[in-house]
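The values are calculated or read from the model by the stated rules, or taken from the named source; none is laboratory data. Here the structure is a predicted model, which is why all the values come from computation and not from measurement. With ideal geometry, Cβ positions are generated from the backbone for all residues, glycine too; neighbour counts draw on all protein chains shown.
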Amino acid sequence: MKIKSTPLKDCYIIEPTVFEDDRGYFYEKFNEQTFKELTGMNGHFVQDNISKSSYGVLRGLHLQKGAKAQAKLVSCLEGKVLDVAVDLRADSPTFGKWFSIELTAENKLQLYVPRGFGHGFSVLSETAIFSYKCDNYYDKASEGGVLWNDADLNIDWQLPLEDIILSEKDKVQSMFSLKNF
């Protein structure tokens, strides 16, 4: 497994070593010990979530705040998504910056999104199955978020505006400039 830095502090791309032959493929999706050795960060996960979405669905930007904050290790098991992480840690040198990466079933890349980040993705294929490994349990009372089309962040979700499908919750998130992180 290779770990690559992103422009955001503590946010990493994980590229597995894939062994392929005429039977198919095998790869180690995650190794907590290797992750800690290469990043110095804890990679202990306690909850796994899976979502299935159709083309144009945009989920985000979400986060858990306070003691229930979550780091996530995300990947796309089927299809293709544009995954977006936004550093919302006020004391971080990359506060307010975002990073995006295409995660696909074919490239098998994963993104480690640390605690204190907003996270979201848009579905670029007909359907996508998306996996989230979380290092803390979900708590509805700790939910937070930022509006997906915030002008200050200016995220390119790689979808035509008329194709974007949002939940009611994602339509009414707060603007980045109005949040107290």
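Can you list the strands (runs of 3 or more DSSP E) lying wholly within the range 109-150 that have 1 or more residues being in contact with a His (Cβ under 7 Å, 6 or more places away or on another chain) and of a type outside the set (K, R)?
Correct list: 110-113, 117-123, 143-145.
Could you check how many residues of the range 84-105 are under 13 Å from the mean Cα position of the chain (by Cα) and closer than 11 Å to G118 by Cα?
6
Note down all Cβ pairs under 8 Å where the first residue falls in the range 118-137 and is within 14 Å of G43 (Cα to Cα), the second is of a type in the set (G, A, S) and buried (at least 18 other Cβ atoms within 10 Å of the Cβ), and they're at least six residues apart or on different chains.
Once the first residue is within 14 Å of G43 (Cα to Cα) and sits in the range 118-137, its partners that are of a type in the set (G, A, S) and buried (at least 18 other Cβ atoms within 10 Å of the Cβ) give C134/A71; D135/G43; D135/A71; N136/A69; N136/A71.
Take G24 and decide whether it is on the phi > 0 side of the Ramachandran plot and without any contact (Cβ under 8 Å) to a residue 40 or more places away in the chain.
yes
Please find, within the range 151-178, the residue that is farthest from K65 (Cα to Cα) out of those that are acidic (D, E) and free of Cβ contacts under 8 Å to residues at least 60 places away in the same chain.
Step one: of the range 151-178, the residues acidic (D, E) are 152, 156, 162-163, 168, 170.
Next, from what is left, pick out any that are free of Cβ contacts under 8 Å to residues at least 60 places away in the same chain: 152, 156, 162, 168.
Working: D152: 21, D156: 25, E162: 31, E168: 20 Å.
Going through the qualifying residues, I end up with E162.
Here are D152, D170: which of them is surrounded by 13 or more Cβ atoms within 10 Å (Cβ to Cβ), of a type outside the set (A, V, I, L, M, F, W, C) and on the phi < 0 side of the Ramachandran plot?
None of the others qualify; the one that does is D170.
May I ask you to list the residues in the range 56-68 that are out of contact with any Leu (no Cβ under 7 Å at 6 or more places or on another chain), on the phi < 0 side of the Ramachandran plot and of a type outside the set (S, T, N, Q)?
Filtering the range 56-68 down to residues out of contact with any Leu (no Cβ under 7 Å at 6 or more places or on another chain) leaves 57, 59-62, 64-68.
When the remaining residues are screened for being on the phi < 0 side of the Ramachandran plot, the result is 57, 59, 61-62, 64-65, 67-68.
The answer is V57, R59, L61, H62, K65, A67, K68.
So G60 ticks every box in (1) within 27 Å of D163 (Cα to Cα); (2) in contact with a helix residue (DSSP H, G or I) (Cβ under 6 Å, 6 or more places away or on another chain); (3) at pLDDT below 95 but one. Which box is left unticked?
(2)
Among (1) over 28 Å from Q158 (Cα atoms); (2) surrounded by 11 or more Cβ atoms within 10 Å (Cβ to Cβ), which single condition is D21 missing?
(2)
Of all residues in the range 93-108 being outside any loop (DSSP other than H, G, I, E, B) and out of contact with any Cys (no Cβ under 7 Å at 6 or more places or on another chain), which is surrounded by the fewest Cβ atoms within 10 Å (Cβ to Cβ)?
Here is the first cut: in the range 93-108, the residues outside any loop (DSSP other than H, G, I, E, B) are 98-104.
Narrowing the set further to residues that are out of contact with any Cys (no Cβ under 7 Å at 6 or more places or on another chain) leaves 98, 100-102.
Numbers: W98: 24, S100: 20, I101: 19, E102: 15.
Filtering first and then ranking leaves E102.
What is the residue count in the range 11-26 for residues that are under 30 Å from G118 (Cα atoms) and not polar (S, T, N, Q)?
Adding up the residues that qualify gives 7.
I need the full set of residues from the range 36-92 which are over 22 Å from T6 (Cβ atoms) and surrounded by 22 or more Cβ atoms within 10 Å (Cβ to Cβ), in order please.
Across the range 36-92, the qualifying residue is only V57.
Among the listed residues K65, K36, which satisfies the condition of being in contact with a Gly (Cβ under 9 Å, 6 or more places away or on another chain), under 23 Å from K169 (Cβ atoms) and modelled with pLDDT under 95?
The match here is K65.
Tell me which residues, restricted to the range 112-149, are of a type in the set (D, E) and modelled with pLDDT of 95 or more.
Once the filter is applied, which keeps residues that are of a type in the set (D, E) and modelled with pLDDT of 95 or more, the range 112-149 yields E126, D135, D139.
Search the range 1-21 for residues being among the polar types (S, T, N, Q) and free of Cβ contacts under 8 Å to residues at least 24 places away in the same chain, and hand back the single one that is nearest to W98 (Cα to Cα).
Residue satisfying both the conditions and the ranking: S5.
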